[in-house]
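Peer 1: Got a structure here, written out as structure tokens. Questions coming.
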Amino acid sequence: MTARNRRLLRRGAPALGVLLLALVPLTGDIYYQNMLIMTFVLAVLASGWNTMAGYTGYVSLGHSAFIGIGAYTAGVASAHWGVSPFLVAPLGGVAAALVALLLSVVTRRTRGPAFVIVTFALLELLGLTVRNWTSVTGGSKGLLMPLPTWGVDIQDWPFYYTLLGLLVLAVALAAGIARTKLGIGLVAIRDDEDKAAGIGISTPAYKSLAFMASAVLVGVAGAVYGYYVSFLDPGAMFDIVLSVEAVLAALMGGRGTVWGPVLGAFILEPLSEVTNSHLGGSDAGALRLVFFGGLLLAVTLLLPRGILPQAAEWLRRRRTRGATSPVGRRLADAELPATPVMRPRAQTEDTALLRLTGVSRRFGGLVAVDDCGFEVTRGSITALIGPNGSGKTTVFNLVDGTYPVTAGRIDFDGRRIDQLGPTRRTFAGIGRTYQLPRLFPSLTVLQNVAAACGEFRPGNLLRSAVSGAEAARATELLEFVGLGDYLTARATDLSYGQRKLVELAQVLMLEPQLILLDEPCAGINPTLIRRMAALIQALNRAGQTFLIVEHDMNFVLSLSDPVVVLSRGTVIAHGAPDDISADEQVREAYLGADFALDAATAGGTA
Ligand SMILES: Nc1ncnc2c1ncn2[C@@H]1O[C@H](COP(=O)(O)OP(=O)(O)OP(=O)(O)O)[C@@H](O)[C@H]1O
């Protein structure tokens with residue numbers, strides 16, 4: 001299929017689907033009309049859940065709480081003001097979004113299973129509140145909604161078309177988010193939240209926006225749904241089964257995709273109807289829960305990625321069958337392209353860009369860094385070397401804000417930074433790579449680089465994820481590190497060494513003043529080591545400051561000046577490479593008595 005036909009199909013199929021759905025009520029079949037109304041509610045709920053769990057990675061088991069919030073907000077408001085619930089339905093969306101905002105603030109440091117439990121608790125808490133706030137909500141007796149004001153001849157059409165409209169909006173919102181910088185940031189958070197914070201993604205703001213987006217339309221749909229069922233019962237409005245169905249729909253169709261949750265809802269709701277009509281008696285509720293729990297288990301085991309991603313993978317394999325992957329090609333030992341121009345930053349008078357003074361870090365009884373102090377001069381390539389476990393990576397983690405210091409202070413560019421969070425240190429001008437590269441596996445190489453942001457500009461969040469000057473810059477940086485041919489490759493398809501180069505390009509995207517490189521040569525082949533050395537030198541000639549941790553002594557001693565040596569978390573030597581390699585204490589603690597610098601293999605840099 002040509003790209004044009006694919007585009008046509010992508011736009012035409014949804015339009016045709018909406019048109020067909022719009023025609024259903026005209027057939028006059030009440031059974032299917034009601035089934036579709038419930039399907040729309042589930043699809044909006046599943047789509048909202050997907051924005052929180054599929055895009056952002058925060059799995060909620062209480063998402064149906066937003067249905068209840070919307071329904072009760074509209075029910076109480078319409079009773080109070082004596083107006084149609086349709087008119088106050090948007091208030092249901094506002095209330096749901098505000099609760100979602102509160103949830104994002106309360107759970108700022110809560111991840112994984114703890115977050116799941118919080119969302120379940122939220123659902124229970126709201127149900128309890130509604131049950132006990134009798135004067136406003138009617139308590140356990142429930143709340144009667146006003147009767148519809150239209151004639152029986154048009155049946156439930158107003159509910160049907162409003163919910164269909166909400167479903168279209170939900171899909172448009174999910175698709176819109178996926179295309180923006182916000183969306184790419186959410187996927188980065190899902191893949192590796194700490195790393196995302198380290199490349200300048202303001203995770204609290206992104207998560208708050210995502211949570212609100214995941215709740216707002218669910219709240220409006222809840223208001224319409226409440227009016228449709230005509231009676232608000234706390235048990236039904238804050239029902240865990242509805243949450244489980246939404247999770248199941250999204251997982252079945254494809255978590256993290258735009259259409260997966262909708263597809264899942266259109267499969268699941270008819271199934272639910274069947275179980276409803278066949279599972280009667282007093283145990284019907286429990287049996288349905290067991291049925292959907294079992295289905296959830298089956299989907300997780302048999303279709304872990306969901307129908308749409310699995311189908312897309314199958315198509316991709318078919319398309320690329322027999323083709324050789326460009327990713328396996330050896331990087332040429334070619335000339336480097338021109339060094340990218342870095343944005344000049346205002347500088348202070350201080351010649352030391354980074355200064356650690358009396359810094360210590362304990363992990364329980366273990367002192368990983370002990371009264372450590374050294375400076376990184378502007379424009380230098382400073383090496384930080386020392387035996388395994390001497391505290392080098394911990395120093396990096398203290399400088400970039402991954403860990404707080406136990407004692408001492410860290411100054412960067414003339415100001416104290418040890419109280420700042422990781423993202424603010426990134427904005428201050430510190431960029432960092434990792435011993436084991438940490439790229440976002442769900443993003444392409446270009447997206448990985450473009451996701452990095454050196455400052456927070458709220459206006460940017462709704463801009464296209466990878467476009468304009470930013471895309472051009474990310475491409476330029478990838479070409480500079482030698483990976484211009486791999487822009488659309490998945491980060492996970494690259495070799496280990498190539499990932500290290502992408503991570504360097506990602507850091508350069510931040511236009512940092514200081515780059516911390518954690519073992520840039522570990523596990524990569526000699527060609528890439530030479531390329532890495534050439535890149536570092538070219539960037540340094542253009543004014544870039546580096547602090548490098550590395551065990552390849554030929555590489556690091558030929559590249560750096562000065563060299564700082566750590567042993568047991570303390571600086572034991574500091575000086576020029578020749579002095580360091582001749583230092584008795586350093587030889588004894590790290591280099592070995594017979595150490596000699598091999599200029600011929602020194603990263604090709606000698
Ligand atoms: N999060 C942590 N919790 C507990 N102990 C830690 C933690 N991080 C580091 N350590 C300990 O701190 C000490 C220093 O570790 P660190 O990784 O900083 O050493 P390193 O010099 O980078 O070692 P290598 O050269 O092997 O990478 C080690 O004993 C390590 O086990």
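Peer 1: Looking at segment 443-450, can you tell me whether even one residue there is crowded, with 20+ Cβ neighbours inside 10 Å and over 27 Å from A538 (Cα atoms)?
Peer 2: So far as segment 443-450 goes, yes, one or more of its residues are crowded, with 20+ Cβ neighbours inside 10 Å and over 27 Å from A538 (Cα atoms).
Peer 1: Quick one: which residue in L263, L169, L251 is part of a helix (DSSP H, G or I) and crowded, with 22+ Cβ neighbours inside 10 Å? Working first, answer last.
Peer 2: Working: L263 fails: crowded, with 22+ Cβ neighbours inside 10 Å; L169 fails: crowded, with 22+ Cβ neighbours inside 10 Å.
The conditions single out L251.
Peer 1: Moving on. Would you pick out the residues in segment 589-600 that are within 24 Å of S360 (Cα to Cα) and either free of Cβ contacts under 8 Å to residues at least 60 places away in the same chain or surrounded by fewer than 19 Cβ atoms within 10 Å (Cβ to Cβ) (or both)?
Peer 2: Narrowing segment 589-600 to residues within 24 Å of S360 (Cα to Cα): 589-590.
A589 - this is the single residue of segment 589-600 that is within 24 Å of S360 (Cα to Cα) and either free of Cβ contacts under 8 Å to residues at least 60 places away in the same chain or surrounded by fewer than 19 Cβ atoms within 10 Å (Cβ to Cβ) (or both).
Peer 1: Report every pair of residues separated by at least 6 positions or lying on different chains whose Cβ atoms are under 6 Å apart, first residue within segment 16-38 and over 14 Å from I154 (Cβ atoms), second among the acidic types (D, E).
Peer 2: So the pair list comes out as M35/E273; M38/E269.
Peer 1: Taking L443, is it of a type in the set (A, V, I, L, M) and over 21 Å from A188 (Cβ atoms)?
Peer 2: no
Peer 1: Let me ask something else. For a quick check of your reading: which strands (runs of 3 or more DSSP E) sit entirely within segment 362-431 and have at least 3 residues that are in contact with a helix residue (DSSP H, G or I) (Cβ under 8 Å, 6 or more places away or on another chain) and either within 16 Å of the ligand (Cβ to nearest atom) or more than 20 Å from A576 (Cα to Cα) (or both)?
Peer 2: By residue number, 366-377, 381-385.
Peer 1: Go through (1) at pLDDT below 95; (2) within 23 Å of G68 (Cβ to Cβ) one by one and return the number of the condition P309 breaks.
Peer 2: P309 satisfies all of (1) at pLDDT below 95; (2) within 23 Å of G68 (Cβ to Cβ) except (2).
Peer 1: Looking at Q498, Q447 in this structure, which one is in a helix (DSSP H, G or I), in contact (Cβ under 8 Å) with a residue 40 or more places away in the chain and under 18 Å from the mean Cα position of the chain (by Cα)? Show your work before the answer.
Peer 2: Working: Q498 fails: under 18 Å from the mean Cα position of the chain (by Cα).
The match here is Q447.
Conditions tested, residue by residue: (1) small (G, A, S); (2) at pLDDT below 90; (3) at negative phi.
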position: V247; (1), (2), (3): no, no, yes
position: L251; (1), (2), (3): no, no, yes
position: T257; (1), (2), (3): no, no, yes
position: A265; (1), (2), (3): yes, no, yes
position: R288; (1), (2), (3): no, yes, yes
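Peer 1: Test of understanding: among S84, S78, S47, S60, which residue is assigned by TED's automatic domain parsing to the domain that holds G176 and modelled with pLDDT of 95 or more? Walk me through it before giving the result.
Peer 2: Numbers: S84 fails: modelled with pLDDT of 95 or more; S78 fails: modelled with pLDDT of 95 or more; S60 fails: modelled with pLDDT of 95 or more.
None of the other options fit; the residue is S47.
Peer 1: Could you please let me know if P512 is away from the ligand (no atom under 16 Å from the Cβ) and not in a helix (DSSP H, G or I)?
Peer 2: yes
Peer 1: For the subset of segment 61-119 comprising residues that are of a type in the set (F, W, Y) and farther than 26 Å from F292 by Cβ, which member is surrounded by the most Cβ atoms within 10 Å (Cβ to Cβ)? Working first, answer last.
Peer 2: Narrowing segment 61-119 to residues of a type in the set (F, W, Y): 66, 72, 81, 86, 115.
When the remaining residues are screened for being farther than 26 Å from F292 by Cβ, the result is 81, 86.
On the way: W81: 10, F86: 17.
Ranking the qualifying residues of segment 61-119, first place goes to F86.
Peer 1: Kindly evaluate L535 against the criterion of being under 23 Å from L384 (Cα atoms) and at pLDDT 90 or above.
Peer 2: Values: under 23 Å from L384 (Cα atoms): yes; at pLDDT 90 or above: yes.
Against the criterion (under 23 Å from L384 (Cα atoms) and at pLDDT 90 or above), L535 qualifies.
Peer 1: Provide a single number: the residues in segment 432-444 that are within 16 Å of the ligand (Cβ to nearest atom) and assigned to a loop (DSSP other than H, G, I, E, B).
Peer 2: Result for segment 432-444: 6.
The values are calculated or read from the model by the stated rules, or taken from the named source; none is laboratory data. Only a predicted model underlies this, so the values are computations on that prediction, with no experimental measurement involved. Using ideal geometry, Cβ is built from the backbone for each residue, glycine included, and neighbour counts are taken over all protein chains shown.
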